[in-house]
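The values are calculated or read from the model by the stated rules, or taken from the named source; none is laboratory data. Keep in mind that what you see is a predicted model, and the values were worked out from it rather than measured. Glycine gets a Cβ as well: all are built from the backbone with ideal geometry, and neighbour counts include every protein chain shown.
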Amino acid sequence: MEKFIYTLIILAIAQTAYALEVVYPKQTAVTINANSTFFIGSSDPKKALTVNGQTVNIHKSGGFAYVIPLAEGENHFTLKSGNEKINYTITRPVIKQIQPSKEPVFKEYDDIKYAVVTNENSPLRSTPIDFGINRITHLQKGIPLSIDGEKGNYYRAIIGSSRTGWISKSNVNFTETGSSLANLSGYDYIDTDEFFIFVFHLDKMTPYELEEGEPFKIKLFNVADNSENTYTMDFPVHEALEGKRFLGYSGRFSGTDFIVKIRKPFLPDPSKPLKNLKIAIDAGHGGSEAGAIGCLGDKEKDLNLTFAKQLEQELKHRGANVFMVRNSDEFIGLKERVELANEENSLIFISLHGNALPDGQDPNKRSGTSIYYYYPQAKPLASHIITTMTAQLGINNDKIYQKSFAVVRNTSALSILIEIGYLINPEDNAKMIEKSFQKNTAKAIADGIENFFKN
């Protein structure tokens, strides 16, 4: 009897292991505003799978990704595998000819208006548009601004006597009285084991900019008795770091004192390069935020955590001091992730993710690892890691990109976001669930960090 029951269980598993399952689109009746979309999911590779009679290529793992064009109106699709059948109705909205909206015009005020920043890390931009890398700086709550005009959803702020920046209307409130120029009474220089620290003593908060380069520039705007109302300090960072890697910096007001911290170089032990190196690992998403769903049904949040724990183990083995932003399936906000890493004074911040694509693209044509950074100082680290990963893992180099993602933009560490592979690509998805690939990925990332400090 027991043998009979065991046989039934095995047969049931065999029958259901490769049941036709579509993970995207999630609903069988859905509206998609694009000229194409794709079905991704899993099916028995030994059985023919068709979409409206067209054969679908199935990866040996069972995963598939199939692109379908969409005409305006209702589109009907039938997926068949053996005796299984799923019907879909996908509606593409009919494009209505509408009059293009007029480009907002700049409205210059007759008199200067005064405002104060109301939200932390409010972007001050070079142009009145939300374009990720056009950010001059990020302003703290409470910084006063002089506003001389507006365009669309942005106010133009005066920074110095000959320069302006743009800030979202949602990030400021107007005040009844204006603020005069700030006065700088001097600064203190503090040399610690980990940082070069400058403390600028002002009588009020003011807009600022930290500019990477040689020299490193500290700029305080709207400061009296300075050329163009801008105080500038040039710091010879290459000389101060004795030619070693530029690793990180931060600038922030404490009261009316503006404090700039420039991290000193990490001096690795040649025999154990990562010993005592502080590294924060951020497993992307978590809790109610699942992230992308793979062809085989894997949730990005779960795979991110698996890769993160493998990397933690590998880095600790090499002597690194590792901080895990999350260790379980929990939701943590983007701002909190950054704050937690900064509290640990992490020198490197790595956020791990699995990639996806929007409607209108082909999952079969994108694969491999991509790495994102925001501050130029992090680009060499990204380059060393992606070179090492693609060489050791045999995966496609999907390049490195400068993007304004929150977790790489607001940390004082060298911050990067790694998209290990495309979960919606069947080949990548199959690799990412392999234990050996997960372990080897951790090794490759760790080797990439070591190579960064060696070169």
(request) Out of the residues in segment 131-159 that are assigned to a loop (DSSP other than H, G, I, E, B) and within 18 Å of TYR373 (Cα to Cα), state the one that is modelled with the highest pLDDT. (result) ASN134
(request) Go through (1) part of a strand (DSSP E or B); (2) within 20 Å of PRO265 (Cβ to Cβ); (3) not polar (S, T, N, Q) and name the single condition TRP166 misses. (result) (2)
(request) Return the residue satisfying two criteria in turn: it lies in segment 73-127 and is in contact with a helix residue (DSSP H, G or I) (Cβ under 9 Å, 6 or more places away or on another chain) and outside any strand (DSSP E or B), and of such residues it is surrounded by the most Cβ atoms within 10 Å (Cβ to Cβ). (result) ASN121
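If the requirement is being among the aromatic types (Phe, Trp, Tyr), over 25 Å from the mean Cα position of the chain (by Cα) and more than 30 Å from GLY333 (Cβ to Cβ), which of these qualifies: PHE258, PHE235? Write out each step before concluding.
Numbers: PHE258 fails: more than 30 Å from GLY333 (Cβ to Cβ).
Unique residue meeting the criteria: PHE235.
Residue-by-condition table, conditions (1) in the same structural domain as GLY251 (by TED's automatic domain parsing); (2) in contact with a strand residue (DSSP E or B) (Cβ under 9 Å, 6 or more places away or on another chain); (3) of a type in the set (S, T, N, Q); (4) within 29 Å of GLN27 (Cα to Cα):
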| position | (1), (2), (3), (4) |
| --- | --- |
| HIS76 | no, yes, no, yes |
| LYS85 | no, yes, no, yes |
| TYR114 | no, yes, no, no |
| SER122 | no, yes, yes, no |
| ARG125 | no, yes, no, no |
| PRO128 | no, yes, no, no |
| THR137 | no, yes, yes, no |
(message) Between a residue in segment 38-49 that is crowded, with 23+ Cβ neighbours inside 10 Å and any residue that is of a type in the set (Lys, Arg), which pairs come within a Cβ distance under 8 Å, given they are 6 or more apart or on different chains?
(response) LEU49/LYS80
(message) Taking the condition of being buried (at least 20 other Cβ atoms within 10 Å of the Cβ) and either farther than 26 Å from ILE449 by Cα or polar (S, T, N, Q) (or both), how many residues in segment 231-259 meet it?
(response) 2
(request) Quickly run through segment 20-47 and pick out the residues that are touching an Asp or Glu at 6+ places or on another chain (Cβ under 8 Å), among the β-branched types (Val, Ile, Thr) and part of a loop (DSSP other than H, G, I, E, B). (result) ILE32
(request) Would you check if there is a residue in segment 372-380 being assigned to a loop (DSSP other than H, G, I, E, B), touching a residue at least 24 places away in the same chain (Cβ under 8 Å) and under 13 Å from the mean Cα position of the chain (by Cα)? (result) yes
(request) Collect the residues in segment 197-250 that are more than 15 Å from ALA182 (Cβ to Cβ), among the small types (Gly, Ala, Ser) and not in a helix (DSSP H, G or I), keeping them in residue-number order. (result) GLY213, GLY243, GLY248, SER250
(message) Among the residues that make up segment 318-339, is at least one of them free of Cβ contacts under 8 Å to residues at least 12 places away in the same chain, in the same structural domain as GLN438 (by TED's automatic domain parsing) and among the small types (Gly, Ala, Ser)?
(response) yes
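Of the residues VAL30, VAL23, which is farther than 22 Å from LYS365 by Cα, under 31 Å from the mean Cα position of the chain (by Cα) and of a type in the set (A, V, I, L, M, F, W, C)? Outline the logic, then answer.
Details: VAL23 fails: farther than 22 Å from LYS365 by Cα.
Just one listed residue meets the conditions, VAL30.
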(message) Can you pull out every residue in segment 303-323 that is surrounded by fewer than 17 Cβ atoms within 10 Å (Cβ to Cβ) and either within 17 Å of the chain's Cα centre (by Cα) or among the charged types (D, E, K, R) (or both)?
(response) LYS309, LYS316
